[in-house]
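Worksheet: one structure, shown below.
The values are calculated or read from the model by the stated rules, or taken from the named source; none is laboratory data. Keep in mind that this is a model prediction, so the values were computed, not measured. For neighbour counting, all protein chains shown are included, and Cβ atoms are generated from backbone atoms with ideal geometry for every residue, glycine included. Just so you know, the surface numbers come from the protein's heavy atoms only, side chains and all, with ligands and any DNA or RNA stripped out. Shrake-Rupley method; radii C 1.70, N 1.55, O 1.52, S 1.80 Å.
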Amino acid sequence: MTKSMKSFFATLITVIVVLVILLFLGPLYIINEGNQVVVTRFGSIVSTHTEAGLYIKAPFIDQVTTYPKLVLSLDGDPQRIPTKENQYIIVDTTSRWIIKDPALFYQNFTSLNNAYNKLSDIVDSSTRTVITQNRLSEIVRSSNIINDAKEELESETDEDTKEIADLVNVNTVNEIVTKGRRELSRQMTEAANRLVPEYGIEIIDILPRQVKYSDELTDSVYSKMIKERNQIAQAYRSNGEGKKAEWLGKLENKKQTISSEAYRKSEEIKGNADAEAARIYAESYNKDPEFYTFWKSMESYKKTMKDSNATYSTGMDYFDYLYSPSGKR
């Protein structure tokens with residue numbers, strides 16, 4: 001083997017060793033599906049890649065920072081926020097967001113933890129701004145389906161139920177919802193997105209995950225509910241008392257009608273009986289006037305003298321049948 005050949009093989013081996021070392025040092029890197037990267041050199045951004053694949057970097061001096069390209073979520077802390085009526089509620093939100101521009105994101109935050117802290121402040125601020133400008137009914141409801149269902153129910157109810165509805169003040173139509181929870185969520189998202197483009201972020205939505213009353217408002221709501229239930233109960237009682245008085249009046253009128261009709265019929269029967277008795281008496285008198293007079297006298301004695309112990313005079317014509325020797329006038 002000549003000297004030149006030995007030099008060639010030595011150079012080739014050196015090149016192979018250098019290539020192997022370079023491969024081990026990582027000049028190549030892979031971006032998986034759902035990820036994006038920012039390549040920096042001495043703290044300055046060299047390039048960004050958002051598509052999956054195999055890429056080359058400068059060993060030693062280039063640093064690759066990977067961020068998710070998928071939708072991320074952020075659960076906010078519960079906030080005590082006043083509504084437009086100055087009623088305090090506890091609002092707990094959740095939001096979805098994505099890294100739109102990895103270069104801007106890296107310049108502002110570098111890490112996801114820093115981004116979460118800043119984004120949490122932005123979401124809380126936009127939530128507070130929107131809620132303080134709207135009524136409680138707009139926050140907890142999304143439509144007027146309650147009012148629509150109530151109107152439909154009232155149109156199908158009977159007269160008694162309608163009377164009760166008229167007596168109950170709380171049975172009025174609830175506040176009209178002009179925006180609703182979905183619209184307020186959209187406004188929160190819109191307000192937050194005005195603040196995040198410079199950070200390379202886009203917020204997809206902000207949703208109130210939980211809305212509950214504060215302690216002082218809870219007591220007020222419970223008191224109102226108790227008052228409304230009592231008012232409804234009183235309306236039912238009043239309606240029942242009214243119906244009771246109505247039916248008692250009808251009962252008394254019916255009773256009077258029946259009594260009057262029965263009295264009329266009894267008097268009619270008595271009149272007919274008296275007439276029949278008079279007719280019989282007349283026929284009897286015509287058949288034997290003497291016997292009729294005797295019989296009537298006997299009947300009169302039974303009535304007038306049964307409780308008398310003594311008679312002081314028998315000279316009256318009245319006693320002719322009683323004391324006459326012949327037993328007649």
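A few comments on the model shown:
- Residues in region 187-243 that are surrounded by fewer than 16 Cβ atoms within 10 Å (Cβ to Cβ) and part of a helix (DSSP H, G or I): 28 in all.
- Selection from region 34-46 of residues that are assigned to a strand (DSSP E or B) and open to solvent by 40 Å² or more (accessible area, probe 1.4 Å): 35, 41, 44, 45, 46
- Number of the exception - residue 294 against (1) without any contact (Cβ under 8 Å) to a residue 60 or more places away in the chain; (2) not in a helix (DSSP H, G or I): (2)
- Restricting region 7-46 to residues that are at pLDDT below 85 and hydroxyl-bearing (Ser, Thr, Tyr), the residue that is nearest to the chain's Cα centre (by Cα): 29
- The combined condition, being aliphatic (A, V, I, L, M) and within 22 Å of residue 195 (Cβ to Cβ), is not fulfilled by residue 136.
Here is a yes/no grid of residues against (1) at pLDDT below 75; (2) basic (Lys, Arg); (3) at positive phi; (4) touching a helix residue (DSSP H, G or I) at 6+ places or on another chain (Cβ under 9 Å):
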{"position": "261", "(1), (2), (3), (4)": "no, no, no, no"}
{"position": "273", "(1), (2), (3), (4)": "no, no, no, no"}
{"position": "292", "(1), (2), (3), (4)": "yes, no, no, yes"}
{"position": "306", "(1), (2), (3), (4)": "yes, yes, no, no"}
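- Residue match in region 47-56 (condition: hydrophobic (A, V, I, L, M, F, W, C) and either modelled with pLDDT of 95 or more or open to solvent by 60 Å² or more (accessible area, probe 1.4 Å) (or both)): yes
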